[in-house]
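The values are calculated or read from the model by the stated rules, or taken from the named source; none is laboratory data. The shown structure was predicted, so the numbers you read here are calculated from the model rather than taken from an experiment. No Cβ is skipped: glycine too gets one built from the backbone with ideal geometry, and neighbour counts run over all protein chains shown.
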Amino acid sequence: MTLATDWWQRGVIYHVYPRSFQDSDSDGIGDLAGIRSRLDYLTWLGIDALWISPVYPSPMADFGYDVSNYCDIDPLFGTLAEFDALVESARARDIKLILDLVPNHTSDRHPWFVESRKHRHGPKRDWYIWRDPSTGGGPPNNWLSNFGGSAWEYDPVSGQYYYHAFLKEQPDLNWRNREVRNAIYDVMRFWLERGVDGFRVDVIWHLIKDAEFRDNPINRAYQQGRPEIERLLQIHSADQPEVHGVIAEMRRLIERYPGRVLIGEIYLPLNRLVAYYGEGLSGAHLPFNFQLIHAGWNARTLASMINEYETALPKGGWPNWVLGNHDQHRVATRLGADQARVAAVLLLTLRGTPTLYYGDEIGMADVPIPPGSARDPWELREPGLGVGRDPQRTPMQWDESLNAGFTTGKPWLPLSDDYAKCNVAKLASTDGSILRLYRDLIDLRRRHRALSIGGFRLITTGGEILAYERFDESERFQVFLNLTREPQRIDEGADPSGASGARALVLSTHGRVERDFKAQPLTLEENEGAIFKISN
């Protein structure tokens, strides 16, 4: 069993989309001062670290993921002084602050790109990826933008194309250029010196592209009606072997600042994902594991997935789990309200670092966006495919007042019709609410090392129950999750630890249910998750 000692191993990370968390100046858009005003809520909930999506100056073509200045704050969100105040206030509450880093691409209005596109022989031309047209004219190869269409934009002044993995307003940096690497490392130092506790690195697996710019192969499994990016297999445009050398450099920089963490956003199959831990753990501390978002929601699939992940981890590698984020449909929409509660138990009792997405703890679901009101550039480029991310980025619901207490202005995205019932104030005072469940689960993790940094062992139940043990040298817990909408019996075989013991209910998604948990076989109600402490 790996001994976990760092805060990012023991703790719970909370992901905030700053436009939607809390508005302090009535412009309908969340900001840093708004986040700072809600830190006491995060303390009450038991959060250890706050990760905020980009707040740098930006034209907002992709809502902050098109950066025009890496070392400042966009006036929409506040000032550097307000950022410093947020860091200080978070530190006073023992909350770490993780900043989003966007190193793969900049805004086309960033001074680096403005200089790069001036002429072919300028000092920053090679800071971006420029190529001549193909022999027959047109784009240099068949690479596609993740938001649809070609990933190449023609520049008539120089007669060349530049590459953009996302919007044409987001040209990709050339990470094979040493000056580019050093410039971004300077950015990292700037924020580390200001007190941030680490970075979540956006699309980290995209940083290096094929040196020969070969065409991507056709995806023969592609289906009509799916996003265009899936038409090709992204073999040459991302996840190149050389990217691990870049990440090793980032890790060495981070290691010079004790107690900081490097998190990588990586959407790849498991065998390629775990490579981002690096050899000898020279990669990301936490290559984000999104398997729970995409997995089939049944006991056999989840048990197999968890076992495969645990087995694939390199020696010393620490697992992590994510149920939702600003790019994915909310868990309550994917699984339904009842199973969202079961999913909360799973997320917060698996071995590894859990990351929560704001609003999931109150059961927020995707909010329908009225026709013609979409803001997400991906939805606007590929309408009708269901790729829009606006529904999961809507404002946090704080109370039943106007606009759910998020703003006194007009919210930048609509609120859910149910915000009078689904809000922090109401659910915090309601016994058995999903918010109280999240708080109890986080508190349980904090009080019992076995549930945070302890060992893990799957239990075979022979039914539709996902079951496992968490344990350390002094305590043992069993977790049973009914992933169905029918009662399920737990037909247990031999005790997996080789020792019998009395079972005491510690927590159930159904509250303090009155049942004989000593009876054999044990029965879980529909949509029930339960945690038991085992005493020998």
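Structure data summary
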{"read-out": "Residues located in the range 221-231, provided they are hydrophobic (A, V, I, L, M, F, W, C) and over 25 Å from the mean Cα position of the chain (by Cα)", "value": "A221"}
{"read-out": "2 or more residues surrounded by 18 or more Cβ atoms within 10 Å (Cβ to Cβ) and free of Cβ contacts under 8 Å to residues at least 40 places away in the same chain: qualifying helices (runs of 4 or more DSSP H) within the range 260-377", "value": "331-335"}
{"read-out": "Only listed residue being of a type in the set (K, R), over 19 Å from F63 (Cα atoms) and at pLDDT 95 or above, chosen from R375, R381, R439", "value": "R439"}
{"read-out": "Out of V243, V180, V201, sole residue that is under 15 Å from P103 (Cβ atoms) and touching a Pro at 6+ places or on another chain (Cβ under 8 Å)", "value": "V201"}
{"read-out": "Options W191, W205: the member that is modelled with pLDDT of 95 or more, farther than 25 Å from P319 by Cα, outside any loop (DSSP other than H, G, I, E, B) and not charged (D, E, K, R)", "value": "W191"}
{"read-out": "Test: G78 is part of a loop (DSSP other than H, G, I, E, B), touching a Leu at 6+ places or on another chain (Cβ under 6 Å) and at positive phi", "value": "yes"}
{"read-out": "Residues that are in contact with a helix residue (DSSP H, G or I) (Cβ under 8 Å, 6 or more places away or on another chain) and of a type in the set (G, A, S), drawn from the range 220-268", "value": "S237, A238, G259, G264"}
{"read-out": "Filter result for D62 (surrounded by fewer than 23 Cβ atoms within 10 Å (Cβ to Cβ), in contact (Cβ under 8 Å) with a residue 24 or more places away in the chain, in a loop (DSSP other than H, G, I, E, B) and under 20 Å from the mean Cα position of the chain (by Cα))", "value": "yes"}
{"read-out": "Condition check for P103: over 30 Å from L435 (Cα atoms) and either surrounded by fewer than 20 Cβ atoms within 10 Å (Cβ to Cβ) or in contact (Cβ under 8 Å) with a residue 60 or more places away in the chain (or both)", "value": "yes"}
{"read-out": "Sole exception among (1) modelled with pLDDT under 95; (2) crowded, with 17+ Cβ neighbours inside 10 Å; (3) aliphatic (A, V, I, L, M) for A467, by number", "value": "(1)"}
